[in-house]
Amino acid sequence: MLNRRLIRIKVFKVLYSVVTSGSDSVKEAEKTLMYSCEKTLHLYYFILNAAVALQNAAENRIETGLKKFNPSPEERNPNRKFAENQVSAYLGQDPRFMKYCADHGLVWTEDLAVFVKKLFNAVSAKEYFKEYMETEARSMAQDCDLFIKIFSDPELFEDNEDLESFLEDMSMFWIDDLGYVLNVIVRNLELLRHKGSMPLPDVFLKDDDREFAVELLRAAMAGYDKYMDIVVSNTSNWDPDRVVTTDLVLIVQGVAEAVRFPNIPLKVTINEYVDISKFYSTNNSKVFVNGLLDRILRKMVDTGDIVKSGRGLIDN
């Protein structure tokens, strides 16, 4: 589920919290990190379960129309294509998926009924939805294509302020993870379209990613003061008030990664933290992080404090 980029971001958030709060408990920091990682998986299940919630909203609309005293011709003969779509049925009939959602409270409850109805109305107004409903043919591939468009539509999910508010209320650990989760959902829907099945992801993509997360946090916390001294000594005209704390934490974490993981190329480490700085610091941070981190790491290679072996580990 989580790739290395998102793992680095989660380590950064925990490390930043540790630095700004003054806490020095490695155990508590690791606990928070693992909980944060697991919550991203929870968000994946919750958002994907919106497919079932939307199908239920479609069924409710049909039933309401049929119960009217004087239903319109369309209400008497409703188009059931979306209400009977195969993607929602696939998820709703998967006992592992539904059990995981139920066990962790990842269902769209009655408290969200108004939002789900509003979301379904927004979906129904989309031209791609209208074209889908007008096509008589039915298939898993066609239904997957529809949901790929739905989950990829920023107005419906990623840029939906109402949804953002709900997610923030449900978990502070879901902030910033929605875009990543939506991309994973789309990739898995593409697998469902082509292979007829969808994987149920684990927290980490690979077995050693959990170890990477824990070891990176430990290395950054254990060496924070030492690496901060290195940062200070490599900064000309040092003025703490002019340097953003997030930049310092990112650079220290980058140094810790370069020292702790000899098999990760320096260029990869530098690029990762420069990219992260674009989203979690100031507009000028990428230049500062790139220049300073590059200079520090190369000096540490020269002094033997960082040991890299193998082609491509120093320069690409």
Could you check region 142-166 and list, in sequence order, the residues that are closer than 29 Å to Lys13 by Cβ and open to solvent by 10 Å² or more (accessible area, probe 1.4 Å)?
Ser152, Asp153, Pro154, Glu155, Glu158, Asp159, Asn160, Glu161, Asp162, Glu164, Ser165, Phe166
Looking only at region 263-291, which residues are touching a Ser or Thr at 6+ places or on another chain (Cβ under 7 Å) and surrounded by fewer than 23 Cβ atoms within 10 Å (Cβ to Cβ)?
Tyr280, Ser281, Ser285, Lys286
When you look at Asn60, is it within 19 Å of Asn121 (Cα to Cα), in contact with a helix residue (DSSP H, G or I) (Cβ under 9 Å, 6 or more places away or on another chain), buried (at least 16 other Cβ atoms within 10 Å of the Cβ) and among the polar types (S, T, N, Q), yes or no?
no
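Determine which member of the set Asn3, Asn79, Asn70 is open to solvent by 20 Å² or more (accessible area, probe 1.4 Å), touching a residue at least 40 places away in the same chain (Cβ under 8 Å) and either over 22 Å from Lys117 (Cα atoms) or of a type in the set (Ser, Thr, Tyr) (or both).
Going through Asn3, Asn79, Asn70 in turn, just one is open to solvent by 20 Å² or more (accessible area, probe 1.4 Å), touching a residue at least 40 places away in the same chain (Cβ under 8 Å) and either over 22 Å from Lys117 (Cα atoms) or of a type in the set (Ser, Thr, Tyr) (or both): Asn3.
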Name the pairs whose Cβ atoms lie under 8 Å apart, with the first residue in region 146-161 and in contact (Cβ under 8 Å) with a residue 12 or more places away in the chain and within 12 Å of Ala51 (Cα to Cα), the second open to solvent by 60 Å² or more (accessible area, probe 1.4 Å) and part of a helix (DSSP H, G or I), and 6 or more positions between them or separate chains?
Ile148/Glu190; Ile148/Arg193
Elements of type helices (runs of 4 or more DSSP H) in region 1-88, at least 3 residues being more than 30 Å from Gln142 (Cα to Cα)
4-21, 26-48
Taking the criterion of being assigned to a loop (DSSP other than H, G, I, E, B), acidic (Asp, Glu) and modelled with pLDDT of 95 or more, would at least one residue in region 136-151 satisfy it?
no
Keeping to region 267-303, report how many residues are among the charged types (D, E, K, R) and within 24 Å of Gly179 (Cα to Cα).
4
Does region 181-207 hold any residues that are open to solvent by 40 Å² or more (accessible area, probe 1.4 Å), at pLDDT 95 or above and outside any loop (DSSP other than H, G, I, E, B), and which are they?
Asn183, Arg187, Glu190, Leu191, Arg193, His194, Lys195
So how many residues does region 95-132 have that are outside any helix (DSSP H, G or I), in contact (Cβ under 8 Å) with a residue 24 or more places away in the chain and either open to solvent by less than 70 Å² (accessible area, probe 1.4 Å) or among the aromatic types (Phe, Trp, Tyr) (or both)?
4
Please indicate, with yes or no, whether at least one residue in region 232-246 is closer than 30 Å to Asp111 by Cβ, outside any loop (DSSP other than H, G, I, E, B) and open to solvent by less than 60 Å² (accessible area, probe 1.4 Å).
no
Tabulated pairs, region 18-47, first without any contact (Cβ under 8 Å) to a residue 40 or more places away in the chain, second buried (at least 18 other Cβ atoms within 10 Å of the Cβ), C-beta under 7 angstrom, 6+ apart or interchain:
Thr32/Val14
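Residues checked against (1) polar (S, T, N, Q); (2) farther than 30 Å from Met133 by Cα; (3) modelled with pLDDT of 95 or more:
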residue	(1), (2), (3)
Asn3	yes, yes, yes
Ile7	no, yes, yes
Lys27	no, yes, yes
Tyr35	no, yes, yes
Ile47	no, no, yes
Gln55	yes, no, yes
Lys68	no, no, no
Leu119	no, no, yes
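The values are calculated or read from the model by the stated rules, or taken from the named source; none is laboratory data. Since this is a predicted model, take the numbers as computed values, not measurements. Neighbour counts run over all protein chains shown; Cβ positions are idealised from the backbone, glycine included. These accessible areas exclude ligands, DNA and RNA; they are computed on the full protein's heavy atoms, side chains included. Shrake-Rupley method; radii C 1.70, N 1.55, O 1.52, S 1.80 Å.
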